[in-house]
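Have a look at the structure below before the remarks.
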């Protein structure tokens with residue numbers, strides 16, 4: 001992996017590309033390969049997409065709709081709650097109403 005200076009030079013504002021972030025996440029799991037982590041993340045995303053109540057989601061105001069779609073794609077409840085302008089608890093209640101499972 002490149003050192004911090006090289007990464008910052010290659011990516012404005014120090015933003016690491018997605019694969020690099022996944023690599024760093026996978027390193028936290030001893031004995032688990034990057035491929036296994038990516039596969040698990042993709043499976044979680046697939047479950048959230050399949051089980052979501054899309055009719056309910058599409059009827060929501062744009063901010064809430066965007067936040068739920070972000071959550072479905074990433075599973076990041078904190079950022080999704082900020083997009084929606086809600087607390088994490090409030091967003092979690094919305095997630096339940098939209099039938100989006102919490103898959104980790």
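Couple of notes before you dig in:
- The range 51-104: relative contact order as a whole-number percent, Cα under 8 Å and 6+ apart: 42 percent
- Label-to-label distance, nm, for residues given as residue 35 and residue 54 (7 Å Cα→Cβ offset): 3.1 nm
- Available extension along the chain between residue 43 and residue 88 is 13.9 nm, counting 0.36 nm per residue and deducting the alpha carbon span.
All of the numbers you see were taken from the coordinates with simple rules; none came from a lab. Nothing here was measured: the structure is a model prediction, and the numbers come from that model. Virtual Cβ from ideal backbone geometry, glycine too; neighbours counted across all protein chains shown.
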